[in-house]
Amino acid sequence: PTKQPTPAPTDNPTPAPTDNPTPAPTDWPTPSPNMAACENGGKLDVVFCVDTSFEGTTNEECAAQNEFAAELYTAVKGPGNIVRAAYIRFGDKLSGSGPIVDVALNEAPYNIRDEFPLQP
């Protein structure tokens, strides 16, 4: 890059910026892996409250949001730690007047505080 870039873009960009463009991206990219959990979380309680009231999402957007929530959840809750993590959805018309607790803080076998699982 230049030390002093121009204040405005050029009116005549190059038609061929490189002689070696990247190949076309794949139609089947590798899905993102779930995050490795923090194994030193100690006696931490985390509650994820997920608002599901917006009805304008496409199936692809919904899948991406679910993947994001899974990434967050698995970033703090893993099989080898004693962190407790709850997952609660609210705002969905199907839930009636109250939230839906998918995973509670005291739900076995996911959130057992007084047992120390083997650390990897």
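The values are calculated or read from the model by the stated rules, or taken from the named source; none is laboratory data. This is a predicted model, so every value here is computed, not measured. Backbone-built Cβ (ideal geometry, glycine too); neighbour counts: all protein chains shown. Side chains included, ligands, DNA and RNA excluded: accessible areas come from the protein's heavy atoms. Shrake-Rupley method; radii C 1.70, N 1.55, O 1.52, S 1.80 Å.
Whether any residue in segment 70-80 is small (G, A, S), in contact with an Asp or Glu (Cβ under 7 Å, 6 or more places away or on another chain), under 30 Å from V101 (Cα atoms) and at pLDDT below 85 is what I want to check. Yes: segment 70-80 contains one or more residues that are small (G, A, S), in contact with an Asp or Glu (Cβ under 7 Å, 6 or more places away or on another chain), under 30 Å from V101 (Cα atoms) and at pLDDT below 85. Of all residue pairs spaced 6 or more apart or on separate chains, those with beta-carbon atoms under 7 Å, a first member in segment 45-56 that is closer than 16 Å to I100 by Cβ and open to solvent by 50 Å² or more (accessible area, probe 1.4 Å) and a second member that is of a type outside the set (A, V, I, L, M, F, W, C) and modelled with pLDDT under 85 are D51/G91; S53/G91; S53/D92. Scanning segment 57-80 for residues that are of a type in the set (S, T, N, Q) and within 12 Å of the chain's Cα centre (by Cα), which turns out most open to solvent (accessible area, probe 1.4 Å)? Among those that are of a type in the set (S, T, N, Q) and within 12 Å of the chain's Cα centre (by Cα), it is Q65.
Okay, residues lined up against (1) modelled with pLDDT of 80 or more; (2) touching a strand residue (DSSP E or B) at 6+ places or on another chain (Cβ under 7 Å):
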residue: T14; (1), (2): no, no
residue: N20; (1), (2): no, no
residue: N34; (1), (2): no, no
residue: V47; (1), (2): yes, yes
residue: V50; (1), (2): yes, yes
residue: T58; (1), (2): yes, no
residue: E67; (1), (2): yes, no
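Pairs meeting the criteria (first residue in segment 65-94 and at positive phi, second residue surrounded by 14 or more Cβ atoms within 10 Å (Cβ to Cβ), beta carbons under 8 Å, at least 6 apart or on different chains) are G91/T52.
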